[in-house]
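Below: the structure, in structure tokens.
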Amino acid sequence: MEALASNPRRSTASNKQQQEAKIPKPQRPNQFPSHRDAVHVSPNARKLCELLTRTPPNDIETALTNCGIRPSHDEVHEVLGLCYSVPSSAVKFFRWAGQLQKHSGHAWNLMVDLLGKNGVFEYMWDAIRSMKQQKQLALPTFVSVFESYCTAGRFNEAFMSFDVMDRYGIQPDVVAVNSLLSAICREDNQTTVALDFFHKIKGKIPPDGDTFAILLEGWEKEGNAAKAKSTFGEMVVRIGWDRKNMAAYDAFLMTLVRALQVDEAVKFLKVMKDHDCFPGLKFFTNALDIIIKQNDAANAVILWDVMLESALVVPNLVMYNAVIGLLCNNNQIDHAFRLLDQMAFQGVFPDSLTYNIVFECLVRNKKVHVAERFFNEMVKNECPPTSTNCTSAIAMFFDRDDPEAAQSIWTYMVENHIKPLSDAANEVLLGLCQLGRLSEVKRSAEDMLDRKIMIYESTMAKLKDAFYRDSRTARDRYDSLSRRWKAHGKLSNLSPEPQDLTIVLVSVLSKKKDFASSNATKLLSFHHNTEQNREKAEQWEKECFSPSRLIDSCSMPTAFKRKLDLHRRQGRTNPLIWLAAILCTIIAIAVVIAGIVVFIAYLVIHPRVPVISITNAHLDLLRNDYAGLLQTQLTVIVRAHNGNAKAHATFSDISFNISFQGQGIAVLVADSLEVPKNSTKDLNYVIQSSSIPLTPDQMEKVDDSWKKNEIAFDFKGNARTRWRIGPVGSVKFLCRLNCQLKFHPLNGSYIPNRCTSKSK
């Protein structure tokens, strides 16, 4: 590119304008990195990036000359890497920096890549020719060219670029072939194009294991098992078996698993084992993850047995829990117990999640005796059941006439503080009630009330029916229990609040004059008991405000008593007091009228603030590897709800952020939408993240989430709503949404919780 390499001062102004006109604006600026998003950017590089993005194109050269910065090679690399979205300005910066010092090969490669990614292929080839003249051309330059052409969908130009490599002094080899194949296969559904090029070139340049790995990964991406088998067969014929090609073997086997051809995969696994090319833990983890998502328990057992029989791969606790969970979800309890018994022999020990998965399956399938023995084993191994499992087990044992086991679980929950206890407590009461053990019901209920455990109103209604049907004595016992239950429900009201004391004081002071306030405030010292408060309030009112002792009993200055006595004897009221009373009366009447008007308007219009909420979600993918990279995909349904029966609502500026442990995953936006009156509209988001690097603490939290079978993502955002309230006019609100999306990572199911916006 002589235009880039030449000194700009030698060109005329008209030539410059023609060159600038040929450089288009970036077609897809959002795909490029920016200095505003980057964290670690040197100060000089950041200043230069700001200058290039904010300065008009015609003034850039002058601004660069006057900026007083002489960038180093590293700073030039930083600026070029962050200015892909402004190619015209980047070219001028490249020329200006080239006058200060000779560019490195990396700087030239960045410029070639920048021009290619922006579709300026003519200038890209000018730069390549300039690199050839300066003897800085290398294979990475053509790798960038391949990627740019393939990204633009111009595969023929990519092939021609490969053909002319030798003219530029770069000998095409298998690395160049693999680079071009990789660039093609990265595009969607283009592996066939890559295969055609492979067939044309394989006679000239022999392929290696990476060549076939790229093609097989392409077939895996497209899910084409037939083509994968053909490519894999040619690979074995050409280069044979070699453990170095494990990436190709994994891609081929994963293609078969994704195509539901697990039996075929098992056959190839046996052949690979014979040739000492058996895959490792990575393949089995990914394969089982796919099979579990397909809820295919039969093939999961087959693949699991092949893995264990090989004695080459040892599964970890996460894999055991995932497969045991799959078997339990399909009610294959025998297989689940077989895996549970195998764990110790593989050096893996079950945790609380493992036991709870099996225990929940036993309870769901009404396995009374097995569940009771298994519960005892859980307690012995210090793996306590969850509160939900305990509640379900108590209900199951009572239903199957085993109250002793149910009582044993309840006692264990109370002694070991497994909370919440409310659901389990109510199940105990209902179970005893169904068995007719009313004495135990009353005794247990009183004990629960002593422990401040909530007894539901529905439970009390069923207990009432049972007690009332039994006998008169039982009815009296229920009435006693009911009175205590109601008192327990009102326990929070027994302790007087500050506003209660304020009401007492205001009521006292409103009856008499201000002079008694010093005595009335003594009521504040009696706030520990409600009955004492009332008694003291009455006592002080009688003492200070009775007509016979109005002046004599209350503590006040003597002069003030005399003045008050004089006013009393004169029998008249100060005019200022009358004026204040009239003003207060007018204000009170106005407030009452305004309240009535607002209340009537509310009944007529019945306004509702539009809200946004999350109605459903699903964890489609959650994968973390030993390198600390997390991949995830979520489906989230956000609902915009307009509850107004007489007004349409508009939602705008919709934006949400989803993150995990502070690591941003995606920003979700939507165009403005109008929701008809008394209607809803759903926004369906499918969020797929790239590899997210995790810190050691975050990796540990992900592992804990697998063990607990619960993981949470932070979901924050807002939307502006606009709607009309009858004749009042248009009203705007800002709906803020801030909640956590919780999932079961083993099956991806969403744990429902209240996630509704708050208006401001």
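The values are calculated or read from the model by the stated rules, or taken from the named source; none is laboratory data. Only a predicted model underlies this, so the values are computations on that prediction, with no experimental measurement involved. For neighbour counting, all protein chains shown are included, and Cβ atoms are generated from backbone atoms with ideal geometry for every residue, glycine included. Keep in mind that these areas ignore ligands, DNA and RNA; they rest on the heavy atoms of the full protein, side chains included. Shrake-Rupley method; radii C 1.70, N 1.55, O 1.52, S 1.80 Å.
In region 409-433, which residues are part of a helix (DSSP H, G or I), among the hydrophobic types (A, V, I, L, M, F, W, C) and either over 14 Å from ASP447 (Cβ atoms) or open to solvent by 30 Å² or more (accessible area, probe 1.4 Å) (or both)?
Of everything in region 409-433, those that are part of a helix (DSSP H, G or I), among the hydrophobic types (A, V, I, L, M, F, W, C) and either over 14 Å from ASP447 (Cβ atoms) or open to solvent by 30 Å² or more (accessible area, probe 1.4 Å) (or both) turn out to be ILE409, LEU430, CYS433.
Just to check your reading of the model, which residue among ALA138, ALA127, ALA176, ALA107 is closer than 29 Å to MET246 by Cβ and among the aliphatic types (A, V, I, L, M)?
Of ALA138, ALA127, ALA176, ALA107, the one residue that is closer than 29 Å to MET246 by Cβ and among the aliphatic types (A, V, I, L, M) is ALA176.
Of all residues in region 637-681, count the ones that are more than 30 Å from VAL702 (Cβ to Cβ) and touching a residue at least 60 places away in the same chain (Cβ under 8 Å).
Of the residues in region 637-681, the ones more than 30 Å from VAL702 (Cβ to Cβ) are 640-653, 671-681.
Still in the list and also touching a residue at least 60 places away in the same chain (Cβ under 8 Å): 640, 642, 644, 646-653, 675.
The qualifying residues number 12.
Which of the residues spanning region 77-124 are among the small types (Gly, Ala, Ser) and farther than 15 Å from SER34 by Cβ?
Those that are among the small types (Gly, Ala, Ser) and farther than 15 Å from SER34 by Cβ: SER88, ALA97, GLY98, SER104, GLY105, ALA107, GLY116, GLY119.
If you go through region 56-67 one residue at a time, how many are closer than 16 Å to SER85 by Cα and open to solvent by less than 30 Å² (accessible area, probe 1.4 Å)?
Residues meeting the conditions: 1.
From the residues in region 703-713 that are crowded, with 18+ Cβ neighbours inside 10 Å and out of contact with any helix residue (DSSP H, G or I) (no Cβ under 7 Å at 6 or more places or on another chain), which one is nearest to PHE660 (Cα to Cα)?
Out of the qualifying residues, it is PHE713.
Under 27 Å from LEU269 (Cβ atoms) and either buried (at least 16 other Cβ atoms within 10 Å of the Cβ) or among the charged types (D, E, K, R) (or both), is that true of ARG167?
When the stated conditions are applied, ARG167 does not pass them.
Restricting attention to region 126-151, and to residues there that are more than 15 Å from LEU181 (Cα to Cα) and among the small types (Gly, Ala, Ser), which single residue is most open to solvent (accessible area, probe 1.4 Å)?
ALA138
Only residues that are farther than 18 Å from TRP304 by Cα and among the small types (Gly, Ala, Ser): list them for region 327-363, please.
SER352
Considering only residues that are within 15 Å of the chain's Cα centre (by Cα), open to solvent by 30 Å² or more (accessible area, probe 1.4 Å) and not basic (Lys, Arg), which ones fall in region 685-702?
The answer is VAL686, GLN688, SER690.
Suppose the filter is touching a helix residue (DSSP H, G or I) at 6+ places or on another chain (Cβ under 6 Å) and either surrounded by fewer than 14 Cβ atoms within 10 Å (Cβ to Cβ) or modelled with pLDDT of 90 or more (or both); does ASP196 pass it?
no
Which of the residues that make up region 422-459 are of a type in the set (D, E, K, R), touching a Lys or Arg at 6+ places or on another chain (Cβ under 9 Å) and closer than 22 Å to SER387 by Cα?
GLU446
Could you check ASP74 against (1) under 20 Å from SER161 (Cα atoms); (2) charged (D, E, K, R); (3) within 44 Å of the chain's Cα centre (by Cα) and say which number it fails?
Going through the list (1) under 20 Å from SER161 (Cα atoms); (2) charged (D, E, K, R); (3) within 44 Å of the chain's Cα centre (by Cα), ASP74 breaks only (1).
For region 267-302, what are the residues that are under 22 Å from GLU234 (Cβ atoms) and part of a helix (DSSP H, G or I)?
LYS267, PHE268, LEU269, LYS270, VAL271, MET272, LYS273, ASP274, PHE283
Of all the residues that make up region 259-288, how many are open to solvent by 60 Å² or more (accessible area, probe 1.4 Å) and not hydrophobic (A, V, I, L, M, F, W, C)?
Of the residues in that region, 8 qualify.
Of all residues in region 316-339, which are in a loop (DSSP other than H, G, I, E, B) and within 13 Å of VAL301 (Cβ to Cβ)?
ASN330, GLN332, listed by residue number.
Just for region 730-747: of the residues that are hydrophobic (A, V, I, L, M, F, W, C), touching a strand residue (DSSP E or B) at 6+ places or on another chain (Cβ under 6 Å) and within 30 Å of VAL323 (Cβ to Cβ), which one is surrounded by the most Cβ atoms within 10 Å (Cβ to Cβ)?
PHE743
Does VAL120 satisfy being under 23 Å from ILE205 (Cα atoms) and of a type in the set (Val, Ile, Thr)?
no
Looking at the structure I just gave you, is SER471 modelled with pLDDT of 90 or more and polar (S, T, N, Q)?
Considered against the rule, which asks whether it is modelled with pLDDT of 90 or more and polar (S, T, N, Q), SER471 comes out as no.
Tell me which helices (runs of 4 or more DSSP H) are completely within region 202-258 and hold 2 or more residues being more than 42 Å from the chain's Cα centre (by Cα) and surrounded by fewer than 20 Cβ atoms within 10 Å (Cβ to Cβ), or say none if there are none.
Here the list reads 225-239.
When region 168-199 is examined, which residues are found to be assigned to a helix (DSSP H, G or I), farther than 23 Å from LEU114 by Cα and either touching a residue at least 60 places away in the same chain (Cβ under 8 Å) or of a type in the set (S, T, N, Q) (or both)?
To start, the set of residues in region 168-199 that are assigned to a helix (DSSP H, G or I) comprises 168, 174-185, 191-199.
Pick out the ones that are also farther than 23 Å from LEU114 by Cα and you get 174, 191-199.
Scanning region 168-199 gives THR191, THR192.
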